[in-house]
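The values are calculated or read from the model by the stated rules, or taken from the named source; none is laboratory data. Because the structure is a prediction, the values reported are computed rather than measured. Every residue, glycine as well, gets a Cβ built from its backbone with ideal geometry; the counts of neighbours run over all protein chains shown. Heavy atoms of the whole protein, side chains included, go into the accessibility calculation; ligands, DNA and RNA do not. Shrake-Rupley method; radii C 1.70, N 1.55, O 1.52, S 1.80 Å.
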Amino acid sequence: MFSLAGLAFMFSASILLQILACAIYNNWWPMLSALMYVLVPMPCLFFGGGSTQFLISRDGGGWMDAAKFLTGASAVGSVAIPIILRHAGLIGTGAMFIEFTSFFIFICTVLCFHRASLDDEW
C-alpha cells in the first residue's frame, strides 16, 4: 500500500513540476512535452498486454520490437522537446531544467512501478 501511495506522490510531483515550468515563466510551450507522458505507456498497453515485462525480455517478434522502439522513441522525445524549444527561444533555460527534473521524476516513477509489478505483492 505504501508503494502505491509513493508512486502516486511521485507522479503527482512530476505533473506539478510540469505545470510549474509553464506557470512560473508564463509560457505554456513546455506543456508540449506532457503529450509525450501520455504517449510513453501506449505501446506497452497496446502491444505488451498492459505489462512492463516485455521491455526486459529478449524474445518477441515484430509487434514486441515495434513496442520497444515506440517506447524508446517517445522517451527520447520527452527529453528532446524541451531542448528544441529552448534552442528555438520559445522557453527559458529555467523552464527547460524544470522539465528535465519532471522527466527524471517521471522515469523514476515508471522504474519503481516496474519493480513493484515484478514483485506482485500488491
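Is it true that Ser74 is surrounded by fewer than 19 Cβ atoms within 10 Å (Cβ to Cβ), among the hydroxyl-bearing types (Ser, Thr, Tyr) and at pLDDT below 85? No. Go through segment 6-40 and give me each residue that's touching a residue at least 24 places away in the same chain (Cβ under 8 Å), assigned to a loop (DSSP other than H, G, I, E, B) and of a type outside the set (Ser, Thr, Tyr). Answer for segment 6-40, where residues must be touching a residue at least 24 places away in the same chain (Cβ under 8 Å), assigned to a loop (DSSP other than H, G, I, E, B) and of a type outside the set (Ser, Thr, Tyr): Asn27, Val40.
Selection of segment 1-36 for residues being open to solvent by less than 50 Å² (accessible area, probe 1.4 Å), small (Gly, Ala, Ser) and modelled with pLDDT of 90 or more yields Ala13, Ser14, Ala21. For His114, the stated conditions hold: it is touching a residue at least 60 places away in the same chain (Cβ under 8 Å), over 13 Å from Leu17 (Cβ atoms) and over 10 Å from the mean Cα position of the chain (by Cα).
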